[in-house]
Structures are given as structure tokens and as C-alpha cells.
Amino acid sequence: MYPAGGEDLVLGPFQVGALRIVIAGLVLLPIAIKFKKYLTKKTVGLLLVTGFFGNFMPAMMFTLAETGISSSLAGLVNMATSFFVVLIGVVFYKSKPTYLQMVGLGLGSAGLFFVLNSQSDISLNKDIRYAFFLFPATVGYAISLTTIKFKLNHLPSIAITSLSFLLILGPAIIVALLTNAFTPIFDHPDGYKAIGYLSILSVVGTAVAVMLFTKLIAISNHIFSSAISYMLPIVAIFIGVLDGETFPPTNLIWVAVIIMGVFLMNRPPKKNFKNSPQNIVKEA
């Protein structure tokens, strides 16, 4: 994290990622204790999968990636989650994609390729190769999402969120200690300012956001969830531009291609699609 008006790095990417999970986990700890009855032999592994792939690993990968690319580009690459949801459905849930979904996969992949290619020349994207750190994170999101939808849908959403963070709280503390994440808070002149911003990110952007998203998986209809899926990268681009990031207007064409790809991939089959993995993104 950078202090306002300075270029001196206060916290490194793994320090930020670890502290983000630690703070969010501590905030959710009282709730996790309340729902500890749901932590059984059958659920502990699934909750750990949800916590690690949906929160722990992406927190590290996204922070590392954004040391080399802009946040607007990171928001665009995040749309790859939709593609991996379909692929996981095919591989693990034997759900055969439709012709339109295959076309959508091709369009979305092409759009992401051209956006990455064009962004590689922008000064804010110091090394476009950092964008590839985001793909493991989007795979992780897809694994977490499908696990919640198909394996943990009998649990309350708030229990899933709090217990999954409880299980990754220990590993996050270990990573924070191994990377000396607590030292800069006290030793760096902007340490308290940095941890203040990080606390806001952890509470609002992690603990509360994940809780709402988990609830959304269970209750959302296709119109609302599709709007969320399409608006996320647009919001990322808008905020990035306000923060001084460069986003070529020609990239809007590739954004439209990506959105069309996501739309086609989320078109369910005409029959027997209620519980199909392709319908997850619409429900999540």
C-alpha cells in the first residue's frame, strides 16, 4: 500500500493479503463462534476449500497482480470467473455446455486476450505478465462458488462466510508473521494510515462483501445477478479512471465482446437447467 502523496511502499503484496484475511477473520470470529455447530466432519473440508480458494488465495494473487497492472484491468480479468464456472461444471458436474455457451467462451477469451494485449503498452501496467496471477484467483473464485452452490447450500450464508474465514485465519496469521507484516505498521511513518485503509478494505470489501455475495448465491434471480456480473468490470474501470488510470476508448469494443461472451455463457439450456452449473453465475 502506498501512502498518499508518496511512493514509499508501506506493505508488500503478501503482507496486505495476509493482514486483509486476518482483520476480516477477527471481525467475523464472534459470528463463527455462534455458528460453530455447523463445523462438522462433513463440512470442515468444504468450508476450508471455500475459504482458501474463494478468499485466501485470491487475496494474495490480486494484491500481487496489482503491483504490475492497473485496477481497471484487474477488474476486467476478474470476469474470467464466469468462464471457469462453466468449465468446472463440465469437468466435475458432467454438465454439457450448449453451443451458445461454447461461442460465449470463445468470445470472452478473445476479448480478454485483446484487452491484455492493448493494456501491455500502458505505463500504469508496468508488466502485463502480472495479469496472469489473476487467473488462478478467478479459478479459485469459481471453485468456491460451485462448492457453496452444490455442497454447502444447506447451511446459512452467514455461517458459510464466518466459518470459512475461521478456518483460514490461522494460515493468514502464519503468513503475516513470516512476512513481518506487523512491523511496518509501527515502524513506518505511514504505517497507521496504511492499516487504517486496509481495515476499511478488510471489513467492507472482504468481510461484508463476501457475506453479501454468499447470500446472493442462494437468493438472487437471474436478472439481478446478471446485472452484478456485467457491472463489476465497468465499476472497476470507472474507479480506475477517476484514480488517474489510463483506459483506451478502443478497449470498450473488447469490453463489449467480453460482456457478450459472459451473456451467452450464462444462457441455460432450454430443459433441465435449474440445477446446472452453468446457471450458477446467474444465481450468484
Looking at the square roots a ≥ b ≥ c of the eigenvalues of the Cα gyration tensor of segment 30-171, which shape do they give, rounded for a/c under 1.5, prolate if a/b is larger than b/c, or oblate?
-> oblate
Compute the length gained on full extension between Thr250 and Val103: take 0.36 nm times their separation in residues and subtract their Cα-Cα distance, giving the result in nm to one decimal.
-> 50.7 nm
Proximal charge balance of Leu64 [Cβ under 12 Å; K/R count +1, D/E count -1] | -1
How would you rank Val175, Val90, Val204, Val85, going from fewest to most other Cβ atoms within 10 Å of each one's own Cβ?
-> Val204, Val90, Val175, Val85
Report the full-extension gain for the segment Ser199 to Val90: residue separation times 0.36 nm, less the Cα-Cα distance, to one decimal in nm.
-> 35.4 nm
Rounded to one decimal in nm, the spacing of the 7 Å Cα→Cβ label points at Val208 and Met260 is 3.8 nm
With r defined as the distance between the Cβ atoms of Thr40 and Leu178 and R0 fixed at 30 Å, what FRET efficiency is calculated, to the nearest 0.05?
-> 0.45
Residues Ser70, Ser109, Ser157 arranged by fewest to most Cβ contacts within 10 Å | Ser109, Ser157, Ser70
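The numbers here are math on the coordinates, done by the rules we state, and not lab data. Please read all numbers here as calculations on a predicted model, not as lab measurements. Positions of Cβ are backbone-derived with ideal geometry, glycine not excepted, and every protein chain shown enters the neighbour counts.
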